[in-house]
Amino acid sequence: MKISIWHNIMWSRYKAAVFSSVYRQANVADAEVHVYQIAETDTNRTTLSPIDLSWHKYPFELLFKGASSDIPRAKLLSKMARLTWKDTADITILSGYEKPAVWLQALILTLKRHPFALFCDSTLYDQQQTFLRGLCKRIIFNWANGIFCYGARASEHVIRYGVPTERIFIRCQAAALPKNYGAEEAIRMRMEYAAPVGAPRYLYVGRLSPEKSLDHLLEAFSEVLRAKPEAKLVFVGSGPSEPDLRTRAATLGIEQGVMFAGSKSGPELFEEYAKASCFVLPSHSEPWGLVVNEALSYGCPVVVSHRCGCVPELIDEGRTGFSFEWGNIRQLSERMKTAPDVFSDVAVTARTCLKHIEPYNPDNAAKAILQGCWMIYDRSRNSRSSLTTRKV
């Protein structure tokens, strides 16, 4: 079996880790894997960590250098169509079902009678559902021979549009942890750096952008300060909302307790997870929330909006963290005030978090992708055999 995977940008380290594992496991299973990377990055990622080619240990072809948004539409369509037509893969996995290029690829693969699958990490919370958008999803979801979903929320999303469960393959979401990562070292760091209960340290990591609802986090933190005046809130990352967030912190009179630490990666970032009393993700739209995987991998409990895709899988209420209803700032502040006391036993909490997140690793994610590809491949061969028999 030969598998071709299409992916939007090389920037994603976690996808590089998964694709590298797919390639290693495929070699053992007498399968071939080739990845088409459409671009190096996109404009939303340029202020974050740089591209690290050392993560990409699999055969790939880069179509365009630079950001995906800078690629001329006609040039992109032409190249993707040409490569899809020439490709000899038995199974093709496409990425970005909402894009015209993917619809063109689906049409070409159908004409070639080659099965294809889709990666889907969206949930019903991501975008407002309109009739036209829903109709397009229903068509392409049911056109595909299979859909690879991140967890329960993404699965619910595609089921809503009529996809039968036998064509849905659940794959776990996995963070790209450092190559020298070790669970015991993560626990040691947590024991050394964790903030004291009386002076809690709350952490956000990611883009500073409107969909993250960071204004809600500032408002909730202002309530926390009334109960815990020594508390700190740390923003790690950058983005278009930073000036407004700084202004809002000043308006609320909490600027002394709020730190804008800029973008961090590697040891500096992991130390922030180790220091935090809890990690907070208040997003309005978050297909999964990979930063939650990272926080739990460093023994840091989390407080997460119910709209985040990872909630059913990663939030064990009162053990790995808490979820809250998005927009309910009072509930968010109560969860933040409660977390330092509930998770005051640093060692027990860290080991609970690490045990819970352990299965969410690149090897298990890769295994699920390969198993799904084999099932699609076998069904396709059986279908063609049945068709040939009927013709005879």
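The values are calculated or read from the model by the stated rules, or taken from the named source; none is laboratory data. A quick note: this is a predicted structure, and the numbers were derived from the prediction, not measured. Positions of Cβ are backbone-derived with ideal geometry, glycine not excepted, and every protein chain shown enters the neighbour counts. Surface areas here come from the heavy atoms of the whole protein model, side chains and all, with no ligands, DNA or RNA. Shrake-Rupley method; radii C 1.70, N 1.55, O 1.52, S 1.80 Å.
Within region 152-204, the set of residues being of a type in the set (D, E, K, R) and either farther than 16 Å from Asp345 by Cβ or surrounded by fewer than 20 Cβ atoms within 10 Å (Cβ to Cβ) (or both) comprises Arg153, Glu156, Arg160, Glu166, Arg167, Arg171, Lys179, Glu184, Glu185, Arg188, Glu192, Arg201. Out of Thr84, Thr123, one residue alone is outside any helix (DSSP H, G or I), surrounded by 15 or more Cβ atoms within 10 Å (Cβ to Cβ) and in contact (Cβ under 8 Å) with a residue 24 or more places away in the chain. It is Thr123. The sole residue among Leu132, Leu76, Leu107, Leu111 that is touching a residue at least 24 places away in the same chain (Cβ under 8 Å), over 23 Å from Gly289 (Cβ atoms) and not polar (S, T, N, Q) is Leu76. Does Phe235 count as more than 16 Å from Phe324 (Cα to Cα) and part of a strand (DSSP E or B)? Considered against the rule, which asks whether it is more than 16 Å from Phe324 (Cα to Cα) and part of a strand (DSSP E or B), Phe235 comes out as yes. Residue-level analysis places Arg188 among those that are among the charged types (D, E, K, R), outside any strand (DSSP E or B), modelled with pLDDT of 95 or more and at negative phi. Checking every residue in region 68-80 against the condition of being within 30 Å of Lys264 (Cβ to Cβ) and crowded, with 16+ Cβ neighbours inside 10 Å gives at least one match. Out of contact with any Lys or Arg (no Cβ under 6 Å at 6 or more places or on another chain), surrounded by fewer than 18 Cβ atoms within 10 Å (Cβ to Cβ) and of a type in the set (S, T, N, Q) - does that describe any residue in region 90-107? Scanning region 90-107 turns up no residue that is out of contact with any Lys or Arg (no Cβ under 6 Å at 6 or more places or on another chain), surrounded by fewer than 18 Cβ atoms within 10 Å (Cβ to Cβ) and of a type in the set (S, T, N, Q). Just so you know, in region 28-48 the residues that are touching a helix residue (DSSP H, G or I) at 6+ places or on another chain (Cβ under 8 Å) and not β-branched (Val, Ile, Thr) include one that is modelled with the lowest pLDDT, and it is Asp42. Pairing residues of region 152-170 that are part of a loop (DSSP other than H, G, I, E, B) with residues that are modelled with pLDDT under 95 and open to solvent by less than 80 Å² (accessible area, probe 1.4 Å), at Cβ distances under 8 Å and at least 6 apart in sequence or on separate chains, gives Tyr161/Gly134; Tyr161/Lys137. Of the strands (runs of 3 or more DSSP E) lying entirely inside region 254-358, those containing at least 1 residues that are under 21 Å from Leu233 (Cβ atoms) and in contact (Cβ under 8 Å) with a residue 60 or more places away in the chain span 278-281, 302-305. Each residue in region 1-37 was checked for being assigned to a helix (DSSP H, G or I) and either surrounded by fewer than 22 Cβ atoms within 10 Å (Cβ to Cβ) or within 14 Å of the chain's Cα centre (by Cα) (or both), and 12 pass. Scanning region 255-293 for residues that are open to solvent by 30 Å² or more (accessible area, probe 1.4 Å) and within 17 Å of Val346 (Cα to Cα) yields a total of 2. Does region 49-72 contain at least one residue that is part of a helix (DSSP H, G or I) and under 22 Å from Ile140 (Cα atoms)? Scanning region 49-72, I find no residue that is part of a helix (DSSP H, G or I) and under 22 Å from Ile140 (Cα atoms), so the answer is no. Identify the residue in region 206-254 that is under 22 Å from Gln331 (Cα atoms) and acidic (Asp, Glu) and, among all such residues, is most open to solvent (accessible area, probe 1.4 Å). So, considering only residues that are under 22 Å from Gln331 (Cα atoms) and acidic (Asp, Glu), the one most open to solvent (accessible area, probe 1.4 Å) is Glu230.
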